[in-house]
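For reference, the structure is listed below as structure tokens.
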Amino acid sequence: MSAPRVDIHQGDPRAPDASALLAASHRLMEASFPAESNHFLSIEALCRPDILFLVADVDGIAAGCAALAICSEEGSGGYGEVKSMFVSPARRGARIGAKLLNRLEAEARARGLPLLRLETGDTLIAAQKLYLQHGFRIRGPFGAYREDPRSLFMEKNL
């Protein structure tokens, strides 16, 4: 049996397959964290021109998504923020999250961004492990985020 074919491509968050993944992600976040600790972007917000939205298809079926938000910062080259990273529960363990993260990093480098940042939940252990394995380190809040005991903030120099 051959490994499934994973194709990562730019997608439209409003497309039915992508919006179904995002809805599942939003339901998970809402069930796991109080409203003030949820920082996911709406489907409409993911359509902004400063956001690159990616979909991972496995054998032609959407199995995961992730976004790169291009953020400006006074006195620096800005940074990329990892947003909306989600893999369908049926496809977890197949390294789809790692492939999405590698692609986000490549896209950030291609845009000349000096680092990637992200916020994740304190109980999302698999996500934290993925980010640490990819060279992210823990840091304090950034941008508009504030200290939150349910949030973990991370960054990676590129």
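Laboratory data are not the source of any read-out in this text; all were calculated from the coordinates shown. Owing to the predicted nature of the structure, the values given are computational and were not obtained by experimental measurement. A quick note on method: Cβ atoms are made from the backbone with ideal geometry, for glycine too, and the neighbour counts reach across all protein chains shown.
Which value, in debye to the nearest 20, describes the size of the charge dipole of the chain about its Cα centre when Lys and Arg Cβ atoms bear +1, Asp and Glu Cβ atoms bear -1, and nothing else is charged?
500
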Under the Karplus curve 6.51 cos²θ - 1.76 cosθ + 1.60, θ = phi - 60°, whole-Hz ³J(HN,Hα) for segment 109-114, x wherever Gly or Pro sits: 4, 4, 8, x, 6, x
Per-residue ³J(HN,Hα) for segment 29-34, Karplus 6.51 cos²θ - 1.76 cosθ + 1.60, θ = phi - 60°, Hz, x for Gly and Pro: 5, 5, 7, 9, 9, x
Karplus-derived 3J(HN,Hα), 6.51/-1.76/1.60, for each residue of segment 146-158, Hz, glycine and proline x: 10, 3, 8, x, 8, 10, 10, 10, 9, 8, 9, 6, 9
Cβ-derived FRET efficiency at R0 30 Å, residue 31 paired with residue 72, nearest 0.05: 0.35
Per-bin percent of Cα-Cα distances, the chain [5 Å]: 1, 9, 19, 22, 23, 16, 6, 2, 1, 0, 0
Label-point gap, in nm, between residue 19 and residue 92 - each point 7 angstrom along Cα→Cβ: 2.6
